[in-house]
Each structure stands twice: as C-alpha cells, then as structure tokens.
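Chemist: Here it is: the structure, laid out below.
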Amino acid sequence: MNPQVVHLPAKEIHLLRRQFEALPEVSLFRSSPKLSAQITSYGILREVGTINDELSRFIFDVDSQKPVRRESLKAEFVEWNQLFGLRIESTDSQRLELRLKGFYDVVHPRLSANADGSLHSLYIFPQIIADIASRQGVDLVMVKSWGMNSIFGGFNPSQGYYQTNFWEIENNDVLKFADLTRQGRIAFLGTHDLIAHIAGVDRGHWLLLQHQAQRVFKILQDYFSQTSKPSVSSLILPYTIGVILDDLAQPPSYGSLGHLAVLEELLVQVEQKVIPADLKTMLTQFPASFQKIIELSREFGIEKQPHRIRLAIQTMIQEILQASIVNGI
Amino acid sequence: MKNTSSHLLLGAVGLLATNSPLISNQATATAISEVKMTAINVASLKSIESTWLKVPMACKARGINADATSLIQKEASQDIQAIYASYEA
C-alpha cells in the first residue's frame with residue numbers, strides 16, 4: 001500500500017487543538033500515539049520551509065552537492081498502514097541526501113528512497129520515531145504549554161522567532177526541560193526536537209545526560225525556592241544554563257567537555273546566588289555576552305581554559321546587574 | 001488586572017527615561033507583590049526585546065549545534081531498518 005495524502009481542513013485542526021488542550025501538561029507519546037502523531041506532524045509541517053525549519057540545512061541535492069533552498073521544501077500529511085505522518089519534498093531536487101548523523105534513521109527508508117539510494121522525498125512517521133527512541137531508553141512526550149505556544153500559535157514570520165523562545169525566559173522553561181531530561185524524556189513537537197535531539201539518540205550517553213539534568217534541576221529548584229516570582233534579571237543565568245543543557249542533549253554534543261565546563265561554572269554562580277532569585281529589578285537589556293558564552297561552550301578544548309570561561313560569565317553577570325534597575329513603584 | 005499591569009509597565013518604562021540608579025549585586029528590600037513583579041517582568045521583556053533579537057543564539061529553535069557533513073553511511077542502520085520493516089503491512 002502506498003501512502004495517501006491527507007488534507008486536514010481548518011475544522012479538523014481546530015479539533016486537534018481542542019484534543020491537545022485536553023491532554024495533561026506532559027503526556028507520553030505512546031499513551032495516545034495517533035493524536036500525538038497528528039500533533040507532531042502538524043508542528044513539523046508548520047515549520048518546514050520557514051525560518052524555524054531546522055531540517056533544511058542538512059538536506060542536500062546529490063547532483064549539485066549543495067543544500068536545497070529552504071523555501072523549496074514543502075510538506076503534506078500522509079497516512080500509511082494506519083500511521084499518520086508527513087512527506088517532505090523539495091522543488092529543487094528529487095535526488096536528495098541527508099548530511100547529519102542519525103537523520104536517515106528518522107526517515108522511512110523504503111518509502112523515501114530512489115533506486116540509486118538517493119531520496120526523492122522524506123517520509124516521516126512520528127509513531128515509528130517514538131518506537132526508535134524508546135528502544136534507546138528515551139520516551140518522547142507532548143508538552144502542552146510548549147505546543148500551544150509553538151504549534152498552535154505564537155509565530156509571526158516577520159519576527160523570525162517563536163514567542164515561546166522569548167517567553168522561555170520568563171516561563172523559566174529550563175526547569176521543565178531539565179525535569180524532562182532527568183526522566184529520560186524528549187519533547188517531540190517540531191523540527192528542532194526531531195533533528196537536534198531525536199535523530200541519532202543514543203542510550204549510551206543518556207545516563208550521563210540524565211545525571212547532569214538532575215544536577216541542574218536540583219540547583220535551580222533550590223535557587224528559585226527563595227521566591228514565587230523571580231525577576232527577569234534573575235532568570236538570565238538559568239536561561240543560559242538551559243541553552244547549554246539543550247546542546248548537551250543533542251547527539252553531536254553528547255558529553256562535550258567544553259559544554260560541561262561552562263555548565264559547571266554557571267551552576268556555581270547560581271549556587272552562590274550572585275544574582276539573587278528575588279532580585280526585584282527591571283532588566284533593560286539582554287546581555288550581549290550571552291552569545292560569547294554559548295560560543296565558548298562550543299569551542300573545542302575550552303575546558304582547558306577555565307579563566308576564559310570564568311571571565312565570560314563574570315562579564316555577563318556584570319552586564320545583567322548594570323542593566324537591572326531598582327523599581328521604585 | 002490588565003490596566004494595572006499596563007500602568008505599572010508604563011511606570012517602569014518611565015523609570016528608564018529618568019536615569020534610575022543602577023544597583024549593585026544586592027537586592028533592595030522593597031516589598032513588591034507578585035502582581036507587581038509580573039508587571040515589572042512584562043516591562044523587562046518589552047525592554048530587552050530589541051537587544052535579545054541581536055543575539056542569534058538566544059533563539060533555541062535555531063540552535064542545533066552541528067554542521068552539515070558528508071556521511072559515509074547514507075542509510076539507516078540495520079537495527080533501525082528492522083524497526084521500519086516491522087511496520088510494513
């Protein structure tokens with residue numbers, strides 16, 4: 001049987017949203033596989049070909065040996081053997097290859113391949129992917145608040161980012177991310193989750209990752225126990241920790257010593273409460289040195305230069321404090 | 001609630017224009033309710049938005065830490081292929 005293209009009219013998307021809203025905040029993919037597959041497929045479909053598409057830069061045209069244009073990628077829903085999924089095609093090429101380790105694992109091999117082994121399209125079935133992940137000891141999950149912000153709203157293409165990314169800071173999503181990771185769970189809501197975290201998932205690295213996530217979770221939980229409503233000023237260091245932990249949960253960065261060194265120094269600063277969690281201030285600027293810290297964590301061999309890590313983090317702390325004004329209300 | 005937040009937001013933004021004092025690394029003892037803190041955070045997020053957008057890596061959705069590379073193995077592993085095969089009718 002060949003996959004059948006499925007069109008979901010607005011009414012059915014609305015129904016999907018209602019069903020998603022009825023789920024608990026975190027639900028296992030396998031507890032409602034059909035609904036989860038539809039929601040994940042919709043999340044991926046919405047991103048394909050847009051600025052939020054993380055797949056595109058790893059999809060190459062075999063003949064030109066260049067990545068296909070992001071705008072050339074189109075997605076549509078398909079059903080096959082009672083599985084819901086999607087097919088991604090490029091108007092640039094029907095001879096595609098994938099250039100990220102693990103990417104081939106999340107694309108149906110028989111349905112997607114040409115006779116010469118290149119790919120005419122990418123058939124993606126979230127339910128099979130959840131099965132692949134579970135055999136690596138990792139559970140894929142739906143996270144309602146994240147999905148409501150991304151899949152079912154919040155994206156303005158002119159801004160080039162999801163509202164959820166910005167509001168991650170205030171929502172303190174690092175706590176939820178660390179909580180999921182320490183439990184061996186990965187959210188599966190869009191192209192970032194698929195390509196950055198699930199493609200190439202390997203149980204051999206998850207024990208260490210879960211240990212790191214547990215440590216992050218505990219330290220941040222202790223830190224925020226001081227206040228019921230932390231200020232944005234106090235949320236920047238934890239947000240930075242979240243981005244480093246996100247990298248560490250990506251197969252290409254599993255166990256990266258550079259990331260671990262930067263993460264450790266950030267955790268020390270949080271434990272020492274150099275910026276108190278109950279600091280009642282307004283933040284006027286996002287610290288430019290945030291970028292430097294993320295770059296440092298990705299620099300090969302940076303763990304051998306702890307003074308550079310400390311300097312970058314101290315600089316960011318000073319930036320935060322100098323941009324934090326006492327509110328006299 | 002919305003109006004209160006808006007007024008607080010305007011007040012907080014107003015403080016920017018009047019060169020409010022910078023703080024050291026000590027929290028002030030000012031008692032601010034959770035509602036007020038929410039309004040202050042709304043003002044903070046509004047205030048930092050333009051500088052946040054200048055930091056490419058602040059957006060996690062574009063944050064995969066990997067470059068495209070040529071792969072030797074251009075197909076799924078045998079184990080993975082077996083999983084796909086198990087879903088064939």
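Chemist: Taking amide H atoms as placed 1.01 Å from N in the peptide plane, list the residues 5 or more away in sequence, or in a different chain, whose amide H sits under 5 Å from that of A:Gln183.
Modeler: Amide H neighbours of A:Gln183: none.
Chemist: Quantify how strongly other chains surround peptide A:223-234 by giving the mean number of their Cβ atoms within 10 Å of each of its Cβ atoms. Spell out each step's value before the answer.
Modeler: Numbers: counts 0, 0, 0, 1, 3, 2, 9, 2, 6, 9, 6, 1.
The shielding value for this peptide is 3.
Chemist: Averaging sequence separations of C-alpha pairs under 8 Å and six or more residues apart, then dividing by the length of chain A, give the relative contact order as a whole percent. Can you show the working numbers first?
Modeler: Details: 532 pairs, mean separation 48.1, N = 329.
Relative contact order of chain A: 15 percent.
Chemist: Shifting gears a bit: Given +1 on the Cβ of Lys and Arg, -1 on the Cβ of Asp and Glu, and no further charges, what dipole in debye does segment A:1-131 carry about its Cα centre, rounded to the nearest 20?
Modeler: Details: 16 positive and 17 negative charges, 30 e Å.
Using Cβ point charges on Lys, Arg, Asp and Glu, segment A:1-131 gives about 140 debye.
Chemist: For segment A:17-69, which GluC sites (Glu not before Pro) are both in a DSSP coil and crowded by at most 14 other Cβ atoms within 10 Å?
Modeler: Values: sites: A:Glu21, A:Glu25, A:Glu47, A:Glu54; in loops: A:Glu25, A:Glu54.
Qualifying residues, ordered by number: A:Glu25.
Chemist: Ballpark to the nearest 100 Å², how much total accessible area do A and B bury together, probe 1.4 Å? Mind dumping the intermediate values first?
Modeler: On the way: alone 15680 and 8600 Å², together 17890 Å².
For A against B, buried area totals roughly 6400 Å².
Chemist: Provide the FRET efficiency to the nearest 0.05 for the A:Gln221-A:Glu299 pair, computing r from the beta carbons and using R0 = 22 Å.
Modeler: On the way: r = 30 Å, r/R0 = 1.35.
According to the calculation, E is roughly 0.15.
Chemist: Same structure, new question: Just to confirm a number: summing +1 for Lys and Arg and -1 for Asp and Glu over residues other than A:Gln4 whose beta-carbon lies under 15 angstrom from that of A:Gln4, what do you get? Before the final figure, lay out the partial values.
Modeler: Numbers: positive: A:Arg87; negative: A:Glu76, A:Glu79.
It works out to a net charge of -1.
Chemist: Let me ask another. Taking θ = phi - 60°, what integer Hz values does the Karplus form 6.51 cos²θ - 1.76 cosθ + 1.60 yield along segment A:235-249, in sequence order, with x for Gly and Pro?
Modeler: 9, 6, 4, x, 4, 4, 4, x, 5, 5, 5, 4, 4, 5, 8
Chemist: For the protein assembly as shown, max minus min Cα coordinate along each principal axis, in Å, sorted largest first?
Modeler: 69, 53, 38
Chemist: Over all residues in A:99-112, what is the mean tally of Cβ atoms on other chains that come within 10 Å of each residue's Cβ? Don't jump to the answer; show the numbers that get you there.
Modeler: Numbers: counts 7, 6, 5, 5, 4, 8, 8, 2, 4, 4, 6, 4, 2, 0.
Across the residues of A:99-112, the mean count of other-chain Cβ atoms within 10 Å is 5.
Chemist: Which entries in A:Lys66/A:Lys144; A:Lys11/A:Lys34; A:Lys273/B:Lys36; A:Lys11/A:Lys176; A:Lys304/B:Lys54 show an alpha-carbon gap greater than 27 Å? Don't skip to the answer; put the middle values down first.
Modeler: Numbers: A:Lys66/A:Lys144 37 Å; A:Lys11/A:Lys34 18 Å; A:Lys273/B:Lys36 23 Å; A:Lys11/A:Lys176 31 Å; A:Lys304/B:Lys54 29 Å.
Cα-Cα > 27 Å for A:Lys66/A:Lys144; A:Lys11/A:Lys176; A:Lys304/B:Lys54; rest within.
Chemist: Something else now. Just the number, please: carbon plus sulfur as a percent of the accessible area of segment A:1-111, 1.4 Å probe, no ligands or DNA/RNA counted. Walk me through the intermediate numbers first.
Modeler: Working: 2610 of 5280 Å².
Answer for segment A:1-111 is 49 percent, counting heavy atoms of protein chains only.
Chemist: Further, regarding this structure: With a 10 Å cut-off between alpha carbons and a GNM built on chain A, which of A:Pro287, A:Pro126, A:Pro24 moves the most?
Modeler: Of A:Pro287, A:Pro126, A:Pro24, the most mobile in the Gaussian network model is A:Pro24.
Chemist: Moving to a separate point now. Around A:Ser72, with a cut-off of 9 angstrom between Cβ atoms, what is the net charge of the other residues, counting Lys and Arg +1 and Asp and Glu -1?
Modeler: Once positives and negatives cancel, what remains is 0.
Chemist: Now, a different point. With only Lys, Arg, Asp and Glu charged, each at its Cβ (+1 for the first two, -1 for the last two), find how big the charge dipole of the protein assembly as shown is about the Cα centre; round to the nearest 20 debye. Working shown, then result.
Modeler: Numbers: 39 positive and 41 negative charges, 141 e Å.
It comes to approximately 680 debye.
Chemist: Next question. Simple spin-label model, 7 Å along Cα-to-Cβ: A:Lys11 to B:Gln81 in nm?
Modeler: 4.5
Chemist: OK, next. Considering only DSSP beta bridges where both residues belong to the protein assembly as shown, give the percentage that are antiparallel (nearest 5). Display every interim value, and only then the final one.
Modeler: Numbers: 30 of 33 bridges.
Rounded to the nearest five, the antiparallel share is 90 percent.
Chemist: Normalising by the residue count of segment A:36-84, find the relative contact order in percent from Cα pairs under 8 Å and 6+ residues apart.
Modeler: Working: 41 pairs, mean separation 18.0, N = 49.
Result for segment A:36-84 is 37 percent.
Chemist: Determine the sum of side-chain charges near A:Tyr254: Lys and Arg each +1, Asp and Glu each -1, restricted to other residues whose C-beta is under 10 angstrom from that of A:Tyr254.
Modeler: Numbers: positive: none; negative: A:Asp202, A:Asp247.
Taking every Cβ under 10 Å from that of A:Tyr254, the sum is -2.
Chemist: Before rounding to the nearest 500, sum -39500 (n - 2.57) across all DSSP H runs of length at least 4 in chain A and divide by the residue total; then give [θ] at 222 nm in deg cm²/dmol. Numbers along the way, then the final one.
Modeler: Working: 12 runs with 146 residues, N = 329.
It comes out at -14000 deg cm²/dmol, rounded to the nearest 500.
Chemist: For segment A:1-158, what is the accessible area per residue in Å² when the probe is 1.4 Å? Working shown, then result.
Modeler: On the way: 6770 Å² over 158 residues.
Roughly 43 Å² per residue, with all protein chains present.
The values are calculated or read from the model by the stated rules, or taken from the named source; none is laboratory data. Keep in mind it's a predicted model, so treat the numbers as computed, not measured. Note: ideal-geometry Cβ built from the backbone for every residue, glycine included; neighbour counts use all protein chains shown. The protein model used for the area step is the full one, side chains on, heavy atoms only, and it has no ligands, DNA or RNA in it. Shrake-Rupley method; radii C 1.70, N 1.55, O 1.52, S 1.80 Å.
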